[in-house]
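Taken together, the values in this text are just the output of simple stated rules run on the coordinates, not laboratory data. Predicted model, so just to flag it, every value in this text is computed and none were measured. Cβ coordinates were reconstructed from backbone atoms using ideal geometry, including for glycine residues, and neighbour counts include every protein chain displayed.
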Amino acid sequence: MSEQLLQALKENLVNGNIDEVSNNVKELVENGVDSKKILDEMISAMNIVGEKFSKNEYFLPDLILSGNAMRAGLDVILPNLKATGASFKGKVILGSVQGDVHDVGKSIVHSTLVGAGYEVIDLGVDVAPEVFAQKAIELGVDVVGASAYMTTTTAMLPKVNEALKEAGIRDKVKFVIGGAATSEAYVEWAGADGWGETAWDAVETINNLLKK
């Protein structure tokens, strides 16, 4: 029964069926299936989504649906994972920089990172540089991720880097940038440690920076 439910969860996640994913996870938890096992199945499903996207079999709307489904499932099991002391690969904060209210791409990165085994805290949109720094200290994060989706807001990226320096934590965290208005050429200019063009690139970049 549990194996059938796990398979159903995987298929629903790949297909972006949000309500079904949430219900599958709840039923698995009620049946006593270990939350880590459930998470592993969800990660496997998101890997399939990533493969489909890389092969142009899936497009942005598909990513959004599967990403939202992933978050719906995570809402159910994250409390259990934390309560049982499950280990994460690292802690990441994400936010769209000050003046930028675009959220879709960041949300996909959020879900993909969680699916890859990271604890992720989303600061939302229009996040001031000093807030990135304050939250990094408060939460004890390993990675600060800042996104800019408009060329007019890319100017905030180096300001985030400066805020981390002024807070005295720049050498303690990795600073990663992304967003439609950025490219790899922005890394040095922004004082960042890495860049991700897609959500899966972001995971690979962070894995490499943290040697995971």
Practice task
Give me the lysines in straight-line cross-link reach of K36: C-alpha distance below 20 Å, same-chain residues under 8 apart excluded.
Solution key: K10, K26, K82, K89, K91, K212
Practice task
Provide, in order from the shortest bin, the percent of all Cα-Cα pairs of segment 16-133 in each 5 Å bin, continuing until the bin that contains the maximum pair distance.
Solution key: 2, 11, 20, 22, 19, 14, 8, 3, 1, 0
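Cα gyration tensor of segment 63-200, axes a ≥ b ≥ c as square roots of the eigenvalues: rounded (a/c below 1.5), prolate (a/b > b/c) or oblate? Each step should come with its number before you reach the end.
Working: a/c = 1.98, a/b = 1.34, b/c = 1.48.
Since a/c reaches 1.5 but b/c is at least a/b, the shape of segment 63-200 is classed as oblate.
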Practice task
Starting with the fewest neighbours, write out I48, I38 ranked by other beta-carbon atoms found within 10 Å of each beta-carbon.
Solution key: I48, I38
Practice task
Enumerate the amide H contacts of V127 below 5 Å, restricted to partners 5 or more residues apart or on another chain; note that Pro and chain-start residues carry no placed amide H.
Solution key: S96, V97, Q98, G99, D100
Practice task
List T112, T152, T205 from most exposed to least, where exposure is judged by having the fewest other Cβ atoms within 10 Å.
Solution key: T152, T205, T112
Handout entry: Mean Cβ count within 10 Å, highest first, over the residues of peptides 130-143, 169-182
Key = 169-182, 130-143
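Under unit Cβ charges (Lys, Arg +1; Asp, Glu -1), what dipole magnitude, rounded to 20 debye, does segment 15-140 have relative to its Cα centre? Write down the numbers at each step before the final one.
Values: 11 positive and 18 negative charges, 70 e Å.
Here the size comes out at about 340 debye.
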Problem - Likely footprinting exposure, H110, H102, fewest C-beta neighbours within 10 Å first - result: H102, H110
Problem - Dipole-positive endmost among A136, L210, W189 within segment 91-210 (Cβ charges, Cα centre) - result: A136
Completion exercise
Dividing the helical contributions, -39500 (n - 2.57) per DSSP H run of n ≥ 4, by the residues of the chain yields a 222 nm value, nearest 500 deg cm²/dmol, of -18000 deg cm²/dmol
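Can you pull out the chymotrypsin sites (Phe, Trp or Tyr not before Pro) in segment 55-95 that DSSP calls coil and that have at most 13 other Cβ atoms within 10 Å?
Numbers: sites: Y58, F59, F88; in loops: Y58, F59, F88.
Here the chymotrypsin sites (Phe, Trp or Tyr not before Pro) that fit, given the DSSP loop and packing criteria, are F59.
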Exercise for the section: Among the GluC sites (Glu not before Pro) in segment 160-212, which ones are in a DSSP loop with at most 16 other Cβ atoms within 10 Å of the Cβ? Mind listing them? Expected result: E184, E197
